[in-house]
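The values are calculated or read from the model by the stated rules, or taken from the named source; none is laboratory data. Keep in mind the model is a prediction, meaning the values are calculated, not measured. Cβ atoms come from the backbone with ideal geometry, glycine included; neighbour counts cover every protein chain shown. The accessibility values were calculated without ligands, DNA or RNA, using every heavy atom of the protein model including side chains. Shrake-Rupley method; radii C 1.70, N 1.55, O 1.52, S 1.80 Å.
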Amino acid sequence: MTKRSVTHGTVTIERRFDASPKRVFAAFADPKAKARWFVSPWGPDQSGMDFCVGGKEFNYGGPPSGPVHRFDALYQDIIPDQRIVYTYDMHLDDVRISVSLTTIELIPDGAGTRLKFTEQGAFLDAFDNPAVREEGTKGLMDALEASLKPDQ
């Protein structure tokens, strides 16, 4: 029998981007723009997105030998160019490893944007933890920043 546990944690990451809030928002809202940075390290994933309140997003992928990493999200609140709130769960194959509430705030900062990312998570049965999630999210923020460069 599996020992059950829950670790609660909050991950907060703030970044400044040399792009307008409108452009940063579009990097989350437009499926083609998001596909440039929200990808797994293993290559092409299966993904889909219905970016509206009540809409869903999914992304499945992983190394050839497994396991499949699955992200399933539900958009709860969207204020264009200002805020995105969604809930999501992560799975490894068929095992749910976490359930989270994520808030992304976009704050004008001169000619750029200050992004505040807050994730409140329940990390299940020691499959994941806040430190690992923070590390992965920082990698995604690096990829987002690269996708916002003028030559991209």
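Relative to the longest principal axis of the chain, what angle (0 to 90°, nearest 10) does the C-alpha long axis of helix 130-147 take?
With rounding to tens, the tilt is 30 degrees.
In whole percent, how big is the carbon plus sulfur part of the accessible area of region 47-152, probe 1.4 Å, protein atoms only? Let's see the in-between values first.
On the way: 2850 of 5330 Å².
Carbon plus sulfur share of accessible area: 53 percent.
What length, rounded to one decimal in nm, is gained on full extension from Arg4 through to Gln120, with 0.36 nm per residue of separation minus their alpha-carbon distance? Spell out each step's value before the answer.
Details: separation 116, 0.36 × 116 = 41.76 nm, distance 1.94 nm.
Between Arg4 and Gln120, full extension yields an extra 39.8 nm.
Tell me the per residue accessible area of the chain using a 1.4 Å probe; a whole number in Å² is fine. Before the final figure, lay out each step's value.
Working: 8530 Å² over 152 residues.
In whole numbers, the chain has 56 Å² accessible per residue.
Over region 21-92, what is the relative contact order in whole percent, taking alpha-carbon pairs under 8 Å and six or more residues apart?
Relative contact order for region 21-92 comes out at 25 percent.
Show the residues, 5+ positions off or on another chain, whose built amide H is closer than 5 Å to the amide H of Asp109.
Residues meeting the criterion, in which the H sits 1.01 Å from N, are Arg114.
Spelling out what I want: for every residue of region 54-65, take phi, set θ = phi - 60°, compute 6.51 cos²θ - 1.76 cosθ + 1.60 (Karplus), and round to whole Hz; glycine and proline get x.
For region 54-65, the Karplus-derived couplings read x, x, 10, 9, 9, 8, 10, x, x, x, x, 8 Hz, x marking Gly and Pro.
Treat each spin label as a single point 7 Å out from the Cα along the C-beta direction, and report the Asn129 to Lys22 distance in nm.
My value for the distance between the label points is 4.5 nm.
With a ≥ b ≥ c the root eigenvalues of the C-alpha gyration tensor of region 29-98, is it rounded (a/c under 1.5), prolate (a/b larger than b/c) or oblate? Intermediate results must be reported in sequence, preceding the final value.
Working: a/c = 2.84, a/b = 1.58, b/c = 1.80.
Judged from the Cα gyration tensor, region 29-98 comes out oblate (a/c at least 1.5, b/c at or above a/b).
Once you've got the GNM for the chain with C-alpha springs shorter than 10 Å, pick whichever of Asp128, Asp94, Asp77 has the biggest mean-square fluctuation.
Asp94
What label, among [x] 9.1; [y] 8.1; [z] 12.8, belongs to mean projected area of the Cα convex hull in nm² computed from the structure on display?
[x]
Would you calculate, for the chain, the mean residue ellipticity at 222 nm contributed by helices, counting each DSSP H stretch of 4 or more residues as -39,500 (n - 2.57) and dividing by all residues, to the nearest 500? Working shown, then result.
Working: 3 runs with 32 residues, N = 152.
It comes out at -6500 deg cm²/dmol, rounded to the nearest 500.
With a 10 Å cut-off between alpha carbons and a GNM built on the chain, which of Pro63, Pro130, Pro31 moves the most?
Of the options given, Pro63 has the highest mean-square fluctuation.
If you take the charge dipole of region 6-125 about its Cα centre, with +1 on Lys and Arg Cβ and -1 on Asp and Glu Cβ, which of Gly48, Leu115, Val6 is farthest toward its positive end?
Leu115
Which whole-number percentage describes the relative contact order of the chain, with Cα contacts under 8 Å and a sequence gap of 6 or more? It would help to have the intermediate numbers written out before the result.
Working: 314 pairs, mean separation 46.2, N = 152.
For the chain, the relative contact order is 30 percent.
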